[in-house]
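What follows draws every value from the coordinates through simple rules; no lab data is involved. Treat the numbers as computed from the prediction; the structure is a model and nothing was measured. When we count neighbours, we look across all protein chains shown, and the Cβ atoms used for this are built from the backbone with ideal geometry, even at glycine.
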Amino acid sequence: MFKKFAGVIGDVRAQYLPDGSVELLTLDQVSKEDFGSLFDLASRVTRIVFERPSERLVISMLTTEMYLKVTAPSSSYNIGILSNITSRILDKLRMEIKAQ
Amino acid sequence: MKASEEDNIIGKSQQVKEPVNSSDSQTDDLLQKVSAEMLAKQIDSVTLYFDDSDFIYFKRFNDKVKQVHGGNEEYNHLQRLLTAKEKEVESRAEDQNGLESLTTGELVEEGLTMDATLIHQSMFTPVSTLEEFFTQANIHFEPFEAPGGDFYWFKNYPHKTLIIVGDCTGHGMQGTMITMSILTLLKQHFRLLPDLLSKEISDLYTEIYNLREGSNNDLLDCELGLIIIDRRTLVAEYIGSGVNMVLRQGGKAEAFTSRKAKLLNGKQDVRNFQLTRGDEIYMFSDGIMDQFNDENTRKLGSKGMVELVNELPMKPKLEDFEKEFAAFRGHTPSLDDQTLLMLTI
């Protein structure tokens, strides 16, 4: 399902997050993430950000069926920058979806 | 840990604790659930964003989790949803326990009833989900013949919510089968936020009519009413093809009517309007408007619907509408599926 976005994901990862990771998840997959079930519980939850000692993580709703997960080491990014990068990636993906 | 690092952490906790922390005790369901997960997984902080506008922020201080920001409407709402979800899980467990005491014959019968109910219910998004945004959301659904051909459906996009009430051709099982086809197309068609509502609905009808191949080719059809609401600004748009709505603002009701023929000829305009908190939206299938009065001499019509809504008390409940509608209908039976979606902003 997400193969068509592989190019965009690869490009933005190389550009913004060389030491992080960018993944697209389905609703089922996101429900298995920490706190991911809140997306299903309350559709007004559009983004979940959390910090662990070693990493920072942003999960953001792209569509109600598609979620973007961005992970980066705590040492490289603060949470504001990571959120900003996530928004940029979302914009690129939305443009890609619209173009199809 | 070095003393300087420890001081730093204590310093941070003091910075946020005094002025903004609104809950130190793990008392409510939401805080308890978040606390348990954060402590078990050694997560330092969690922020939940709502439409990228409001947020709730939890932070762990050693073995305690505190809600640093979130004493807001979203927090209370999420809390209510969580409690409702837990009750639903408990209720399902109780139902399962009840089934275990039935005989084989009773189980088969129970299973068939449950199947029919599940198929019927699967067509509708639970009303409780709509209450995520609306102060109140209720559905009056009275099929002429079960399961029925009316439906409602909604979808949340970032910042916007689309709500659709539909009335498909036919009643009973035929109506349901057509509803399933139409819903499949709808869900595919509106998977992304529509740019131009009038074009999107016209395109949808083209897709529906392209599916017609048999001789009874007018069976696959429906009337629709669509509202899209910007949840940040409460600016709304309505367009329809026969499913009308009444909007009550400041105690005064106004009808928004539409016709499929006008829509298909490109003559049905989108109505734009500004909502405010407390406004009420009533979207309904033609079965409501076509209902005859107790004397069987006059249909309710859109004017009658406006009058009926004006009769309702402020902050009305579904029972208030149903009482007024029953008083109008008296003993005259309905002739069509009757669906009314009642939303309070």
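A few comments on the model shown:
- Here chain A is treated with +1 on each Lys and Arg Cβ and -1 on each Asp and Glu Cβ, and its dipole about the Cα centre works out to around 260 debye.
- Counting only residues at least eight positions apart within a chain, or on another chain, the lysines with an alpha carbon under 18 Å from that of B:LYS267 are B:LYS199.
- Fewest-first sequence of A:MET66, A:MET95 by Cβ atoms within 10 Å of each Cβ: A:MET95, A:MET66
- Projected area averaged over orientations for segment B:151-289, convex hull of C-alpha atoms, nm²: 8.6
- Radius 9 Å from Cβ of B:GLN42, net charge of other residues (Lys, Arg +1; Asp, Glu -1): +2
- Phi-based couplings in Hz for segment B:144-157 (Karplus 6.51, -1.76, 1.60; Gly and Pro marked x): 4, 8, 5, x, x, x, 8, 7, 9, 8, 9, 9, 9, 9
- Cα-based equivalent ellipsoid of segment A:3-100: semi-axis lengths in Å, sorted from largest, via gyration tensor: 19, 18, 11
- In straight-distance terms, cross-link reach from B:LYS33 covers every one of the aspartates and glutamates whose alpha-carbon lies under 18 Å from its own, apart from those fewer than eight places away in the same chain; here that gives A:GLU33, A:ASP34, A:ASP40, A:GLU51, B:ASP24, B:ASP44, B:ASP63, B:GLU74, B:GLU86, B:GLU88, B:GLU90.
- In order through segment B:158-163: 3J(HN,Hα) via Karplus (6.51 cos²θ - 1.76 cosθ + 1.60), integer Hz, x for Gly, Pro: x, 6, 10, 10, 9, 10
- Per-residue HN-Hα couplings for segment B:298-306 [Karplus 6.51, -1.76, 1.60; θ = phi - 60°; Hz; x = Gly/Pro]: 9, 7, 5, x, 6, 5, x, 5, 4
- Ordering B:43-51, B:162-170, B:246-254 by mean Cβ neighbour count within 10 Å, with the highest value first, yields B:162-170, B:43-51, B:246-254.
- Shielding by other protein chains, B:38-50, mean Cβ within 10 Å: 6
- Neighbour net charge for B:GLU200 - beta-carbon separation under 14 angstrom, K R +1, D E -1: +2
- Approximate spin-label separation B:LYS317-A:GLU96, in nm, with each point projected 7 Å along Cα-to-Cβ: 5.0
- Peptide A:47-59 has a mean of 4 when you count, residue by residue, the C-beta atoms of other protein chains within 10 Å of its C-beta.
- Paramagnetic reach from B:ARG80 (point 7 Å along Cα→Cβ, amide N under 20 Å) across segment B:284-315: B:313-315
- Charge dipole of chain A about the Cα centre (unit charges at C-beta), most positive-ward option of A:GLY10, A:LEU41, A:SER76: A:GLY10
- Among B:PHE154, B:LEU312, B:VAL235 the positive-end extreme of the charge dipole of segment B:123-344 (Cβ point charges): B:VAL235
- Extreme residue, positive dipole direction of segment B:123-344, given options B:ILE163, B:LEU275, B:LEU185 (C-beta unit charges): B:LEU275
- Based on Cα contacts under 8 Å between residues 6+ apart, chain A shows a relative contact order of 26 percent.
- Cα-centred dipole magnitude for segment B:138-290, charges only on beta-carbon of K, R (+1) and D, E (-1), debye, nearest 20: 620
- Average other protein chain Cβ within 10 Å of Cβ, residues B:79-86: 2
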